[in-house]
1. Starting at the first residue of segment 384-391, write each ³J(HN,Hα) from the Karplus equation 6.51 cos²θ - 1.76 cosθ + 1.60 with θ = phi - 60°, in whole Hz, x for Gly and Pro.
2. So for segment 317-444, what percent of the C-alpha to C-alpha distances run longer than 18 Å?
3. Suppose we look only past 51 Å in the calculated P(r) of the chain. What percent of the Cα-Cα pairs does that tail hold?
4. Efficiency by 1/(1 + (r/R0)^6): what FRET value for ARG448 and LEU95, r their Cβ-Cβ distance, R0 = 56 Å, to the nearest 0.05?
5. Go ahead and run the numbers for FRET between HIS105 and HIS632, Cβ-Cβ distance against an R0 of 22 Å, rounding to 0.05.
6. How many angstrom separate the Cα center of segment 495-549 from the Cα center of segment 564-627?
7. Going Cα to Cα from LYS657, which lysines come in below 16 Å? Please leave out same-chain ones fewer than 8 positions away.
8. Give me D for segment 536-685 in µm² s⁻¹, whole number, from Stokes-Einstein with Rh from the Kirkwood sum over alpha-carbon pairs, 4 °C and 1.567 mPa s.
Amino acid sequence: MRSAPLMLFLCAGLAMAQIPTPRQEVLQAQHARPTDPWPRGRGHVILAVPGSLEAQKAYHEPGGSFSPEFRSFGVSAWITDTHGTILKTSDSIPLPEIRQRLIWHEGIVVPSIRTETSDYVASWSLGPAVGASHLVLKPKLATGNKLMLVIRSVGPAGAAIESLRWNGSELLVNGRFKLRVAPSPALVYVGPEGVAGWTTAPAGSSTECHGQNGWCFARFELQGKSATVVDIVDTFPRRAPELTAHGTRSTLDIGLPDGRFADSLNAQVAHLMMGTVNDQTRPGESNQYPLAWQRDGAYQVVALARAGQLDTARDLVRYFAERDFFDGFGAEGDAPGLALWAIEEVAERVNSRDFDRFLWPHVYRKAEFILGMRSTKEPIQRIFAGMLVPEHRAVPDIYEMAEPARDGLIMGRMDFHFPAFYISAVSYSGLLQAAELADRLNVPDDARRWRSAAAELKQAWNAAYRPDEPDDRTFISGLWPSWIASNRAEFQQGLNVHWTAGDSSSWDDARGTFREAPLWTYFTFAFAHQYLFLNHPERTWQTLQWFWDHQPSPGLYSWWEGNHEENNFHEWENARGWVNPPHVTPDYWAAAECLLLQMDMLTYVDESSGEPVVVVGAGIPGSWSSRPMKTHGMLTKIGRVDWTWDGKSMLVKIQGKRVPVRLGSGFPSGAKVSVQVDGIPSATK
């Protein structure tokens, strides 16, 4: 009696196993039709309202190819001759021939993406209505060539198109998306792709397509030399995001000789903001990483706070306060320290006593947990929130986040091993941050206990450190962001080894480049940050300029992680796009590290000794010093800092604490420095 249902179940399971995924469908079609045009599958970035859901993110690839939502459809441009033969597409134009940039418009939160090629200029933006996308496409064609706008199931984030209908003024896609083209196309063809002659099928011969295994497509021949406007609207209802977002770029006012610096800085803010989902950060592109990850997110929240997006950072940091452990590898030992760092970086800039009171019980709990990790004699296990990376769900020790302390160092887990120097460094920083909040709330006993424990941790760290320390995590945390390393010369010895003689992606001084493209780009930016604090900005600039020259999407300043789908949740296997991922991009930990590095190159607070010192222009190269420069609106731990350099002298204005000021090494020795604190002249030297 049980065998028949069992046999049916097995047969059904076998049939399901043979059904190809959307990714496999595209790969099979590419193999069968190798000469047909296909999506680029490289360098995609998100265009989205901050806080929008993963499914609501639009995707853009170099050249201007676009998908209005995840698993929607693809929009691309084709350049043809007079007979309709394809000469090139938005997906085949070589990257060096593509110029792109983010453009912000007054009163609009999300930037547009402008793409310029030798054949057209395309500008994609989000429409005023929720779920709307907008394209302005202006041809620059050679005589006799034509510009086609093509709607296909494949694209940056496409999906099967089972139904297309053109009614003379509007294209209805899958009964859901409405696409309007103005002025009306010169010619329109709707039909199945993949059949003989499909790319040049005569226009007007068909205006509907149904079924075709999801391979319906539409081709619009655009009119004349004037711009075409395309509006895409998702007719399905959706909820507007609740995350507070007043903008997607820095609030800094920057004037520097190289415009790429501000472009890169603002792009990092935009990528971080547009990658958020609800009230959460994401470690990387949000359909690759459909979860909050505490470590990556802490850097993102700090970066947004320092860049002036305080309301957004305040919304995001509540998640870090109320939850103790959440990421894809389970409970990890750096969680409380990094959370305390993020919480205080936001709180001290928000400067609200009510917000401080809300945070206090969470800060107290996390700080006390660090003390527990310092003294534990037994392994510590904790439950965590959120999802695990699928490939690690069977790891037996996923709940163990710390071993017994050793030689005064915290033996916390990170990435499935126990990097004691890294965990101790971020825990040291977290205890000091907790003490700052305790001071503001007048809880001196707790502040004293936490500072005392931090001092002991710092002493143990420096006593145990050796320049041959093998773990690169030690060198992403020793000075930046913790300031725990006391002997800078010894710390730099170890850093130099990792910089020039580390893995295959270390720096080659002889060639002036990385031996191979770095896989863990956030580590590379962090190494460069250590060199900034060590007063070796040439290493910082080597890093920054190399990344500017190796952007996955030219001009959009986005970065990557790994060389395949790291920590795969398999969401992209359900899309007709991104079928051969070279890496994860954008990576938001890398974006945060880059943003924080660039801001500290302009202004940072040296916390290596008891008294903070404002360092102005530590990353300014000497070649710039003869020209006027400025950075206004930097939000630091001691208050807002503005500086203006007129080519000969420096004026620094501080709104906050009176502290010493030091110029970066790129300014002339003996340059005159005038300092004002809260509008009152403080010092001139």
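1. Rounded to whole hertz, the list is 10, 8, x, 9, 9, 4, x, 5.
2. Cα-Cα pairs of segment 317-444 separated by over 18 Å account for 51 percent.
3. Everything past 51 Å amounts to 17 percent.
4. With R0 = 56 Å, the Cβ-Cβ based efficiency is 0.50.
5. 0.50
6. 13 Å
7. LYS637
8. Rounded, D is 73 µm²/s.
The values are calculated or read from the model by the stated rules, or taken from the named source; none is laboratory data. All values derive from a computational prediction rather than experimental measurement. Every residue, glycine among them, receives a Cβ derived from its backbone with ideal geometry; neighbour counts consider all protein chains shown. The area values use the complete protein model at the heavy-atom level, side chains included, leaving out ligands, DNA and RNA. Shrake-Rupley method; radii C 1.70, N 1.55, O 1.52, S 1.80 Å.
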